[in-house]
Amino acid sequence: MTAGAPAAVAPAAAPEQGRRRPRAGRRRIRRLTTRDRLVITVLLGLPLLFTFVLVWATTLASIGLSFTNWDGIGSAKFIGIDNYKELFTNYPPFATAIWHNLLWLGFLALVATPLGLLFAVLLDRKVRFGRFYQSALYLPVVLSLAVIGFISQLIFARDDGILNTLLGATGQGQHPVDWIGDPHINIWVVLVMAGWRHAGYVMVLYLAGLKGVDPSLKEAAAIDGANARQTFFRVVFPVMRPVNIIVGVITVIEALRAFDIVYAINGGTNGLELLSVLITDNIIGEASRIGFGSAIAVVLLLISVGCIVAYCMTELREEKT
Amino acid sequence: MTAIAAGPAPKATGAKDPRAAVASRRVGLHVFLAAVSLLWLAPLLLAVYASLRPYQETAKYGYFSWPHHLSFAYYREAFTQSGMAQHFLNTLLIAVPAVLLTLFFASFVAFCIARVRIRGGFFILILFTAGNLLPPQVMVTPVYELFTRIPLPYWMSDSLTMYDSYWGVIAIHIAFQTGFCVFVMTNFMKALPEELREAAIVDGAGVWTQFWRITLPLCRPALAALATLEFAWIYNDFLWALVLMSSGDKMPVTSALNNLKGQYFQDYNLLAAGSVLVALPTVILFFILQRHFIAGLTLGATKG
C-alpha cells in the first residue's frame with residue numbers, strides 16, 4: 001500500500017516517450033493529490049490489513065503450531081517433526097483422506113467441469129426455453145452443501161430411499177445397496193452430489209465466456225471451412241482463456257475445501273474421510289490436538305500452494321505477454 | 001454456430017434434406033436438455049415432496065409413492081422448534097454487512113489495480129487471489145485464538161471479545177471473500193472503456209470521484225452477479241460460525257439446521273422441511289436477481 005503513494009497515471013500521453021524507454025520512461029502526466037493518496041491508503045490499506053492478519057498471518061501461525069504438541073490449554077512445546085512422523089506412519093485415515101481429496105479433484109475436473117461446459121455450449125445457441133434450462137441447471141449452486149448433504153440422505157437411504165425404490169431393490173428378499181453406509185460406495189454418491197452442484201456453476205461461467213467471444217472469429221473459422229467441432233476446440237475454447245483459468249481455479253478450490261457435504265452426511269467418517277474433516281476433528285474435536293491438526297492443515301496447505309503457484313505462473317506469463 | 005447452419009452447412013449434409021436434419025437435431029437437443037434439467041431439479045423437488053408427507057407414510061410406502069396426506073406440519077415444526085426466525089435474523093446480520101463491505105473493498109482494490117495502476121498492483125492482486133485459494137481449515141485455530149484475545153466493548157458484543165460475536169464472523173468473511181471479488185472485479189474493470197474516466201480526470205476529478213461516480217456505476221452487472229454469489233456463499237457457510245461462535249442463539253441458520261439434525265436424527269422428513277426452509281431464501285434471491293444476473297452475463301465487455 002506504500003507503493004500506492006507515488007503511483008503514476010500514465011494512459012494517454014505515455015506512448016511517444018514510452019517507445020524509446022519502455023520501462024522507466026513512463027512520464028507522469030498527473031501526480032496524485034494528497035487527498036487521493038489518503039483515499040488510496042485508507043481504502044486499499046484496510047482490506048490489505050484484513051487479508052494480511054486474518055488470512056496470511058494465521059496461515060503462518062498454523063505452520064508454526066504444526067511443530068508443537070499444543071493442546072489448546074497448556075503451554076506449547078516444540079517437538080520438531082514428530083507430528084508429521086506420526087501422520088505418515090501411524091495415522092491410517094490420513095492416506096484415505098488424501099486419496100479422497102484427489103479423487104474429488106479428478107471427478108470435478110474430468111466429469112463435472114466438462115459437463116458444465118457442454119451445458120453452456122448447448123445453451124449458448126439461443127434455444128427455446130433456454131432460460132428455463134439455465135435456471136434449472138444453476139439452481140443447485142445456490143444451495144448450501146450442508147443442505148445438499150441432507151437431501152442426499154433422502155435419495156440414497158438404504159431401506160426407503162428414493163433411488164432404491166426406483167431400482168425396485170427394496171422389499172422382502174432383496175439386497176438393497178447401502179449407498180451411504182457402504183464405505184466403498186458412499187464417496188461416489190457424495191461426488192455425484194458435489195458434481196451436480198459444480199456443473200451448474202461452471203456452466204454459468206462458460207455462458208458468460210461464450211457471450212464474450214467475438215462472433216466474427218467464428219464466422220472467419222466457418223469461411224475457412226472449419227466444422228462446428230473444429231471451430232469450438234481450435235478457436236472458441238482457446239479464446240476463452242481467462243474463463244478457463246477461473247474455472248480451473250474454482251475446480252481446485254472446491255476440491256480442496258470439500259467439507260460441508262460429508263460433514264452433514266456422517267461427520268466425515270466411514271469412507272468419507274477428507275483432509276478438511278481430519279483437521280476439524282483434531283482441532284475442535286474432544287481430543288483438541290491442535291499441533292497434530294495443524295500438521296494436517298500444513299499438508300493441505302502444501303497441496304494448495306502447489307496449485308496456487310501453478311496459477312500464479314500462468315498469470316505472470318499472461319502479464320508479460 | 002448459427003453462421004455455420006445458415007452458410008456452408010447445406011453443402012456438407014449433401015443429399016439429405018438439410019432442414020429435416022436441423023429439425024431432428026433440434027428435437028434431440030430439447031429432449032436432452034429437458035431430461036437433464038429434470039434430473040437437476042429432481043433432488044430438490046423430491047425434498048419438497050418428502051417434507052409435505054408424514055414420516056409414517058414415507059416409511060411405509062417409500063419416498064417414491066403416491067401421497068395419502070399432505071401438510072405443512074413439518075415446516076411449522078422445523079420453524080418453531082429450532083427458533084428459525086432468530087437464526088434467519090442472525091444470518092442477515094452477518095451476511096448483509098459482509099457482502100456489502102466485501103464488494104466495496106474489492107471494487108476499490110480492483111480499481112487501484114486495473115485503473116489507477118498503482119505500483120505493485122499485480123502483486124496485490126496475487127496476494128488477494130492466492131489468499132482466497134487457501135483452505136479455511138488452515139486458518140481455523142489461529143483465527144480462533146486471535147479472536148478470543150481481541151476485546152470488544154459491551155455494546156458491540158456481549159461476550160466482550162471478537163470470539164462469539166457477529167463482528168468476528170463478519171471480519172473473517174470479508175478477509176476471505178475479498179480475494180475472489182478482487183479477482184473478478186479487476187478482470188471486469190480492465191474490460192471497461194477508459195474514455196469516461198479520462199474525461200473525468202481532465203475535469204479534475206479525484207480518485208474517489210473516478211471510483212464512486214464514474215467506474216462503479218459501470219460495474220453494476222458484475223456487482224449484481226458477485227452479490228448473488230457472495231450472499232449465497234456466506235449464507236451457506238457453516239464452518240466459520242461453528243468455530244467462531246459458542247452461543248447457540250447467535251448461530252446463523254445453516255447451523256440451526258444442524259441442531260434439527262441432532263434432535264430428530266431419524267425423522268428425515270422434518271430434516272427435509274428444515275432444508276427447504278434454509279434453501280428458500282437463496283433460491284428466491286436467485287430468481288429475483290436473475291434478471292441482473294443474466295444482464296451481467298450478456299453485457300460482458302461493455303462497448304461505449
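The values are calculated or read from the model by the stated rules, or taken from the named source; none is laboratory data. All values derive from a computational prediction rather than experimental measurement. Glycine gets a Cβ as well: all are built from the backbone with ideal geometry, and neighbour counts include every protein chain shown.
Could you look through region A:155-173, keep only residues that are among the aliphatic types (A, V, I, L, M), part of a helix (DSSP H, G or I) and out of contact with any Pro (no Cβ under 8 Å at 6 or more places or on another chain), and pick out the one that is modelled with the highest pLDDT?
A:L163
Does region A:174-181 contain at least one residue that is surrounded by fewer than 18 Cβ atoms within 10 Å (Cβ to Cβ), closer than 30 Å to A:T280 by Cβ and touching a residue at least 40 places away in the same chain (Cβ under 8 Å)?
yes
Give me the pairs: first residue in region A:77-101 and among the small types (G, A, S), second residue surrounded by 13 or more Cβ atoms within 10 Å (Cβ to Cβ) and assigned to a helix (DSSP H, G or I), beta-carbon distance under 7 Å, and six or more apart or on different chains, which are they?
A:A97/A:L275; A:A97/A:L278
Within region A:257-270, can you find the residues that are within 10 Å of chain B (Cβ to nearest Cβ) and not in a helix (DSSP H, G or I)?
Scanning region A:257-270 gives A:A258, A:F259.
Given the options A:E273, A:E219, A:E286, A:E254, name the one that is part of a helix (DSSP H, G or I) and closer than 30 Å to A:I148 by Cα.
Being part of a helix (DSSP H, G or I) and closer than 30 Å to A:I148 by Cα holds for just one of A:E273, A:E219, A:E286, A:E254, which is A:E254.
Within region A:189-198, is even one residue over 19 Å from the mean Cα position of the chain (by Cα) and closer than 30 Å to B:Q137 by Cα?
Yes, some residue in region A:189-198 is over 19 Å from the mean Cα position of the chain (by Cα) and closer than 30 Å to B:Q137 by Cα.
I'd like the full set of residues that are under 12 Å from B:F176 (Cα atoms) and either under 22 Å from the mean Cα position of the chain (by Cα) or more than 8 Å from chain A (Cβ to nearest Cβ) (or both), limited to region B:106-136.
B:A106, B:F128, B:T129, B:A130, B:G131, B:N132, B:L133, B:L134, B:P135, B:P136
Would you be able to say whether some residue in region A:189-210 is touching an Asp or Glu at 6+ places or on another chain (Cβ under 9 Å), within 27 Å of B:K190 (Cα to Cα) and among the aromatic types (F, W, Y)?
Yes: one or more hits.
Of the numbered conditions (1) free of Cβ contacts under 8 Å to residues at least 24 places away in the same chain; (2) among the aromatic types (F, W, Y); (3) farther than 20 Å from A:A310 by Cα, B:F123 satisfies every one except a single condition; which is it?
The one condition B:F123 does not meet is (3).
Looking at A:C307 and the list (1) at the interface with another protein chain (Cβ under 8 Å from one of its Cβ atoms); (2) crowded, with 20+ Cβ neighbours inside 10 Å; (3) under 15 Å from A:A258 (Cβ atoms), which single condition is not satisfied?
Unmet for A:C307, out of (1) at the interface with another protein chain (Cβ under 8 Å from one of its Cβ atoms); (2) crowded, with 20+ Cβ neighbours inside 10 Å; (3) under 15 Å from A:A258 (Cβ atoms): (2).
Search region A:289-304 for residues being of a type outside the set (A, V, I, L, M, F, W, C) and assigned to a helix (DSSP H, G or I), and hand back the single one that is surrounded by the fewest Cβ atoms within 10 Å (Cβ to Cβ).
Residue satisfying both the conditions and the ranking: A:S304.
On the basis of being assigned by TED's automatic domain parsing to the domain that holds B:V99, more than 30 Å from A:G306 (Cα to Cα), under 25 Å from the mean Cα position of the chain (by Cα) and of a type in the set (A, V, I, L, M, F, W, C), does B:W167 make the cut?
Criteria met by B:W167.
Any idea which of B:A73, B:A78, B:A47, B:A59 is surrounded by 14 or more Cβ atoms within 10 Å (Cβ to Cβ) and within 18 Å of A:L167 (Cα to Cα)?
B:A59
Looking for whichever is within 19 Å of A:R37 (Cα to Cα) and charged (D, E, K, R) here; the options are B:R220, B:R197. Which one fits?
Details: B:R220 fails: within 19 Å of A:R37 (Cα to Cα).
The conditions single out B:R197.
Residues checked against (1) surrounded by 17 or more Cβ atoms within 10 Å (Cβ to Cβ); (2) touching a residue at least 60 places away in the same chain (Cβ under 8 Å):
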{"position": "A:N227", "(1), (2)": "no, no"}
{"position": "A:F237", "(1), (2)": "yes, no"}
{"position": "A:M240", "(1), (2)": "yes, no"}
{"position": "A:I245", "(1), (2)": "no, yes"}
{"position": "A:L256", "(1), (2)": "yes, yes"}
{"position": "A:L274", "(1), (2)": "yes, yes"}
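Report yes if A:I185 is more than 25 Å from A:G130 (Cα to Cα), more than 7 Å from chain B (Cβ to nearest Cβ) and surrounded by fewer than 21 Cβ atoms within 10 Å (Cβ to Cβ), otherwise no.
In short, yes.
What helices (runs of 4 or more DSSP H) completely inside region B:187-272 contain at least 3 residues that are more than 24 Å from the chain's Cα centre (by Cα) and within 11 Å of chain A (Cβ to nearest Cβ)?
By residue number, B:195-202.
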